[in-house]
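Everything on this sheet refers to the single structure shown next.
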């Protein structure tokens, strides 16, 4: 998987995370109400369950962090997303070359454009028009409640973990599946949701393409002008040969 594919996947994850903890101009981000934990995020289509995109997820009251896993175990282009709930800031990090850029967050939530909540939501079927409780079941040895969520002829099935107070599995109408496995309850340090001090800030263009973005050149109107009649004090290092100039 190249960096563009990874970044696109993680950008979608980041957008959905921001919707879960919606930022409003007059209201602070919604705090995480569940337990702190780490997990493996698996994304695949039901028609081809062996073709899986893997990532590592960390979540606490401080924020959400996802780390990509490149195909074949390669160390190239190891990308992370961070959504810092407390600071209302989002970042994309390239762990390979230690660069990052800050993802702008819309300060005013548009109800018409807001996405329904998926993984990590503290309430099942959040943002959907209707919901139906299917019943309790076991998923990866965890007690969950299955819900069917519908909105505008679209439906998803969500598995809500009672102990974590979070949706941990979602099956879409088109067959796409996102699920958490290898869940470990543990305390996660706040520093994990911040950009490390040794990372270099770059533009979005450079992050996705690797091509640095330089400031636009602006003409001053004096390019190429040379004024030999100025005094030596105004032209350091220049000494006018007056005989040659006559």
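The values are calculated or read from the model by the stated rules, or taken from the named source; none is laboratory data. These numbers were taken from a predicted model, which means no experiment stands behind them. Glycine gets a Cβ as well: all are built from the backbone with ideal geometry, and neighbour counts include every protein chain shown.
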(message) Given the condition within 24 Å of residue 67 (Cα to Cα) and in contact with a helix residue (DSSP H, G or I) (Cβ under 7 Å, 6 or more places away or on another chain), answer yes or no: does some residue in segment 139-146 qualify?
(response) no
(message) What pairs come out if I take residues in segment 74-102 that are closer than 20 Å to residue 32 by Cβ and pair them with residues that are surrounded by fewer than 15 Cβ atoms within 10 Å (Cβ to Cβ) and at pLDDT 85 or above whose C-beta lies under 6 Å away, six or more apart or interchain?
(response) 91/102
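Residues checked against (1) closer than 21 Å to residue 36 by Cα; (2) at pLDDT 95 or above; (3) surrounded by 14 or more Cβ atoms within 10 Å (Cβ to Cβ):
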residue: 149; (1), (2), (3): no, yes, yes
residue: 154; (1), (2), (3): no, no, no
residue: 157; (1), (2), (3): no, yes, yes
residue: 171; (1), (2), (3): no, yes, yes
residue: 187; (1), (2), (3): yes, no, no
residue: 197; (1), (2), (3): no, no, no
residue: 200; (1), (2), (3): no, no, no
(request) Check residue 9 against each of (1) buried (at least 20 other Cβ atoms within 10 Å of the Cβ); (2) at pLDDT below 85 and name the one condition it does not meet. (result) (1)
(message) Quick test for you: out of 213, 223, pick the one residue that is over 23 Å from residue 95 (Cα atoms) and modelled with pLDDT under 75.
(response) 223
(message) Of everything in segment 33-48, what is surrounded by fewer than 16 Cβ atoms within 10 Å (Cβ to Cβ) and at pLDDT below 90? Give them in sequence order.
(response) 33
(request) Considering only segment 49-147, give the strands (runs of 3 or more DSSP E) lying wholly within it that have at least 2 residues that are surrounded by 18 or more Cβ atoms within 10 Å (Cβ to Cβ) and at pLDDT 80 or above. (result) 63-68, 79-84, 89-94, 99-103
